[in-house]
Amino acid sequence: MRISNFLLSTSAAMVLGTLSATAGTITIYSAHGDDVFGPIVEVFEAAHPDIDVEVIVGETGPLYQRVKAEAANPAADIQWGGAIQSYETFSDLYEAYEAPEAGALIVSDPNNKWFPFSLFAQPLMVNTDIVSESDYPTSVRDVLDDRWNDKGGVVLADPNHSGTGHSIVSGLASGLGWDFMTEVIKTVRATQGSSPMFESVRDGEAALGWVNEDLGAKWEAEGLPVKMIYPADGVTVQVDGLAIINGAPNPEDARVFVDFIISQKGQRIASEIVKRRSIRTDVQPPTGLPAMGELQLFPAEEPRDVIKAKFTSILESK
C-alpha cells in the first residue's frame with residue numbers, strides 16, 4: 001500500500017495517474033485517514049497479493065472536484081469517503097455495478113452507483129483540559145452559550161471543504177431548523193476540513209466541536225483529553241460511501257475491492273478495528289458505543305450544493 005497526500009503538484013499527480021493504469025494496481029481517492037483505511041487495505045492486500053493499492057488522501061470536497069475535473073481521463077479507480085448524498089449529487093461520475101452481496105446491506109443505491117461503507121454518529125466533543133465536567137454540554141443548543149468564548153470557542157467544519165461538515169450542518173438544520181443553525185454558524189469558528197475541527201478540540205485550541213464517533217472513541221481509549229457527548233436533543237448521523245469511477249483504469253480490480261469492503265470480512269474489520277458501525281445486517285456494531293435506537297438522530301437531507309450556499313451566505317454575513 002502506498003499513501004500520498006492530495007496536495008500534490010500537477011506533474012506528480014500525472015505520475016500517480018500513470019501508476020494507477022498499471023495492471024494489478026488500483027488508485028483510491030480517500031477522504032479517510034490511515035486509521036480508517038489502513039487496517040482494511042492491509043487485510044485486502046494480504047487476501048489479494050496480486051493487487052496493489054495506492055491511496056491518495058484529501059478532504060472530501062476537493063476530491064469530488066478532482067474526480068469531476070478528470071472525468072475525461074480518470075487517474076483513479078475508486079473514490080472512498082463522504083456522505084452518500086454527495087455521491088448521488090455526482091452520480092454521473094461513477095460506474096454502475098451490481099455487487100453480489102448488495103442484498104446484505106442496510107441501505108443501497110437503486111442505481112448501483114455508490115455503496116455504503118459505514119454508519120456513524122457525530123456527537124459533540126469537548127477538551128477535558130479546558131472544560132470541567134460540570135460545564136459539559138447536554139444539548140446541541142448549548143453550543144450557543146457564552147461560556148465557550150474564553151476557552152477557545154466552538155469549531156465546525158465548513159461544508160464547502162468537508163463531507164462531515166455537510167452532514168452536521170444539513171442534519172442539524174433538518175432536525176432543529178435553519179433559524180437555530182443560522183445562530184450556530186454565526187457563533188462557531190469554521191475550519192477548512194473535518195480534521196482541523198477534530199484536532200482543534202483535541203489540541204485545546206477550541207473547547208468544543210463535533211467528531212466522528214469512531215475517532216472520538218479511539219482518542220478516549222488512548223487517554224487523550226477529550227470526551228464525547230451525545231446531546232439529548234439530536235445527534236447527526238452519516239452513511240459513508242464509496243464508488244467506482246467511470247472509466248477507471250482498472251475497473252475489474254476496483255470491483256474486487258468494493259466487494260471486499262461490503263463483505264462480512266471487510267465489515268468486521270471496519271467494526272472491530274476501525275470502530276465504525278457496519279452497514280451489513282449480519283455484523284455487530286463496535287462495543288462501547290450507544291445503540292442507535294437510544295439517540296435522536298438527524299440525517300442530512302438537503303443537497304450539499306444547497307448547504308454550501310446557505311452556509312457561505314450566513315458565514316459572510318457575520
Check your understanding: Which of (1) open to solvent by 10 Å² or more (accessible area, probe 1.4 Å); (2) out of contact with any His (no Cβ under 9 Å at 6 or more places or on another chain) is the odd one out, the single condition ALA270 does not satisfy?
Key -> (1)
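Just to verify a result, which residue in segment 166-197, among those that are part of a loop (DSSP other than H, G, I, E, B) and in contact with a His (Cβ under 9 Å, 6 or more places away or on another chain), is least open to solvent (accessible area, probe 1.4 Å)? Full working, then the answer.
The initial filter retains those residues of segment 166-197 that are part of a loop (DSSP other than H, G, I, E, B), namely 177, 188, 192-193.
Restricting the remaining residues to those that are in contact with a His (Cβ under 9 Å, 6 or more places away or on another chain) gives 192-193.
Numbers: GLN192: 110, GLY193: 0 Å².
In this case the residue turns out to be GLY193.
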Point to revise | Test: GLY241 is touching a Pro at 6+ places or on another chain (Cβ under 8 Å), surrounded by fewer than 19 Cβ atoms within 10 Å (Cβ to Cβ) and farther than 18 Å from THR138 by Cα | key: no
Exercise for review: Filter segment 251-260 for residues that are buried (at least 22 other Cβ atoms within 10 Å of the Cβ) and in contact with a helix residue (DSSP H, G or I) (Cβ under 7 Å, 6 or more places away or on another chain) and give the result.
Suggested key: PHE257
Review point. Could you list, in sequence order, the residues of segment 175-211 that are at pLDDT below 95 and either touching a helix residue (DSSP H, G or I) at 6+ places or on another chain (Cβ under 7 Å) or under 17 Å from GLU301 (Cβ atoms) (or both)?
Key: SER194
Practice item. Scan segment 56-77 for residues that are open to solvent by 10 Å² or more (accessible area, probe 1.4 Å), without any contact (Cβ under 8 Å) to a residue 40 or more places away in the chain and closer than 30 Å to THR236 by Cα and jot them down. Key: GLN65, LYS68
Study note, to complete from the structure: Of (1) open to solvent by 10 Å² or more (accessible area, probe 1.4 Å); (2) among the hydrophobic types (A, V, I, L, M, F, W, C); (3) farther than 29 Å from GLU301 by Cα; (4) in contact with a strand residue (DSSP E or B) (Cβ under 8 Å, 6 or more places away or on another chain), VAL53 satisfies every one except (1)
Study note, to complete from the structure: Every listed condition ((1) buried (at least 16 other Cβ atoms within 10 Å of the Cβ); (2) closer than 23 Å to LYS308 by Cα; (3) modelled with pLDDT of 95 or more) holds for THR27 save (2)
Exercise for review: Sort out which residues of segment 106-165 are open to solvent by less than 40 Å² (accessible area, probe 1.4 Å) and of a type in the set (Asp, Glu), and write them in order of number.
Suggested key: ASP109, ASP142, ASP158
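The values are calculated or read from the model by the stated rules, or taken from the named source; none is laboratory data. Everything numeric here is computed off the predicted structure, so don't read it as measured data. Here the Cβ is made from the backbone with ideal geometry for all residues, glycine too, and neighbour counts use every protein chain on show. Surface accessibility is based on the protein's heavy atoms, side chains included, excluding ligands, DNA and RNA. Shrake-Rupley method; radii C 1.70, N 1.55, O 1.52, S 1.80 Å.
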